[in-house]
Amino acid sequence: MKRLWGFTVLACLLVSNISCQSEEEIKRQRYITEGILLYKNYCANCHQNKGEGLAALYPPIAGSDYLANKNDVICLIRYGQQGPIVVNGKRYNRPMPAQPQLSNLEVAELMTYIYNQWGGEKKVIDVKQVTPILEQCKKP
Ligand code: HEC
């Protein structure tokens, strides 16, 4: 039994490490890969590639205390945000445009990327989790 396990590990190392990852990990990688592309297309213009934000205009996402409320972030991605908000003690007040063209899956992929990259998480934020929240957002 022990030998068999050792053999499996060795075989995995030899063949490729992807074949040994759990399905959950493969899914996480897939979500993140899509999330990066979406972020570059729809968000990085303002929030910048490393999520650092831009001066007093665009708040940072990296290290943002606003990430504590996931439901707010989910809704903000689809519906945008108007009016003053405070991020890490700094006040911002500029409209963020809505992105109604993003599918529920795309919102989930963006969420996964953001929280894995900047929110200290190491798991998928699944489309099944995001969909009921999107249905309850206050639409501006
Ligand atoms: C045109 C510029 C612009 C684009 C594009 C944009 N945002 Fe924003 N975003 C803003 C502004 C401005 C605010 C602050 C809104 C306010 O002052 O009410 C904000 C706020 C946020 C916040 C909450 C505060 C924080 O920084 O944690 C998050 C999270 C966020 N945006 C994520 C995204 C994501 C994800 C995308 C891409 C889908 C995106 N934004 C696209 C300008 C933008």
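Structural remarks
- Summing +1 for each Lys or Arg and -1 for each Asp or Glu among the other residues whose beta-carbon sits under 11 angstrom from that of L38 gives -2.
- Treating each Cα of the chain as one equal point scatterer and applying the Debye formula with no solvent, the log10 of I(q)/I(0) at q = 0.09, 0.11, 0.18, 0.19 Å⁻¹ comes out as -0.34, -0.47, -1.00, -1.10.
- Cβ-derived FRET efficiency at R0 22 Å, E24 paired with I85, nearest 0.05: 0.10
- A simple count of charges around E135, restricted to other residues whose Cβ falls under 13 Å of its Cβ and scoring Lys, Arg +1 and Asp, Glu -1, yields +4.
- Between Q136 and A68, full extension at 0.36 nm per residue minus the direct alpha carbon distance yields a gain of 22.6 nm.
- Among the helices of the chain, none built from whole DSSP H runs has Cα atoms reaching 27 Å or more along its own axis together with a mean Kyte-Doolittle hydropathy of at least 1.0.
Taken together, the values in this text are just the output of simple stated rules run on the coordinates, not laboratory data. Only a predicted model underlies this, so the values are computations on that prediction, with no experimental measurement involved. When we count neighbours, we look across all protein chains shown, and the Cβ atoms used for this are built from the backbone with ideal geometry, even at glycine.
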